[in-house]
1. Going by average Cβ density within 10 Å per residue, which order do the peptides 120-126, 249-255 take, highest to lowest?
2. May I ask you to order 99-111, 148-160 by the average number of other C-beta atoms within 10 Å around their residues, highest value first?
3. Taking the structure as given and computing Cα extents along the principal axes in Å, which label from (1) 62, 43, 36; (2) 74, 43, 40; (3) 46, 44, 39 fits?
4. Specify the angular offset, from 0 to 90 degrees and rounded to the nearest 10, of the alpha carbon long axis of helix 237-246 from the longest principal axis of the alpha carbons in the chain.
5. Return the whole-Å distance between the Cα centroid of the stretch 172-222 and the Cα centroid of the stretch 23-67.
6. Please turn the phi angles of the stretch 135-146 into ³J(HN,Hα) values with the Karplus equation 6.51 cos²θ - 1.76 cosθ + 1.60 (θ = phi - 60°), one per residue in order, whole Hz, x for glycine and proline.
7. Compute the helix-to-body angle for 33-47: its Cα long axis versus the longest principal axis of the chain, expressed 0 to 90° and rounded to tens.
8. Check the straight Cα-Cα distances from Lys42 and name the lysines below 20 Å, setting aside those fewer than 8 residues away within the same chain.
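Here, each number is a calculation from the coordinates, and none is a lab measurement. Being a predicted model, the structure only gives us computed values, none of them experimental. We place every Cβ from the backbone using ideal geometry, glycine too, and count neighbours over all the protein chains shown.
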Amino acid sequence: MTVDTALEEQDVLLGVKDYKSGVKPVWCPGCGDFGVLSATYKALTTLQLKPHEVVVVSGIGCSSRIPYFMRSYGIHGVHGRALPIATGVKLANPALTVFAMGGDGDLMSIGAGHLPHAASRNVDITVVMMDNQTYGLTKAQASPTSVTGHISKSTPFGSIARPLKPVVLALAYGATFVARGYSARANEMSELIVQGVQHHGFSFIHVQSPCTEFHNTYNYYDEAVTDVPPEHNTSDLAAALHLALTEERVHLGLFYRDDAQESFDRRSREFVEEVSEFNVDEYLRRFA
């Protein structure tokens, strides 16, 4: 996907429209991913990042179409591989702001094996996981985050598996920024995305993003969500894990942040030796 670089040399205040690609989203009416896209536009506007400074990487799924709707560089990769691609982009060009965006199927199922490594390495990318607890693109099978008892095409008698807990996993794997948003609260989610991008390390933002077509949970989350308690210590990993493991309601906001750990891309650059300009003629004479 190419990027319009007309704004590269302009020193002007960018607005939401400057981050829209012009491609109309094809999601179902009311899809939670609209809220995530809106929050991302607003976050980039707040950060005033030029479109050519941003790369959005996705895998496969409804939410993974998001690069098409953004006026930035984008990679619509293969299923479950957003994290390794995003890692490679960041290591190749650390100056870029890199997002890895996808759903609960893409990041918690086929791509779940990449999460612990990207998190523990503390790669400076921002992961936004849109969780609707169903496989929407393939028409309503149970997903890794579906609740026990969930009835779907793949679990007609109810799911007997326990759902994965994305926030708990991110914390346990070593992510240095872990938060949760709700697609119906785009302004608050935008603030979390801004903080995640500004954090120099692996940022993981879990978003409850309901699917209106196959698993509409808006009414449930409208009642269930609550803010992370103001007294919660976001620098205390044990406290963050305790909150994520024991929450009776769905907490929104920042669970954990550790700014003391240096990011992987910065540490890896320490091993790069000073290089001189390559002289082809001199090199060939060595083997003449």
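1. The most tightly packed comes first, giving 120-126, 249-255.
2. 99-111, 148-160
3. Calculated Cα extents along the principal axes in Å: the matching label is (2).
4. Taking Cα atoms only, the helix is inclined about 30 degrees.
5. Rounded to whole Å, the Cα centres lie 13 Å apart.
6. Working through the residues one at a time gives 8, x, 5, 9, 6, 5, 8, 5, 10, x, 9, 5 Hz.
7. 40 degrees
8. Output for Lys42: Lys17, Lys20, Lys24, Lys50.
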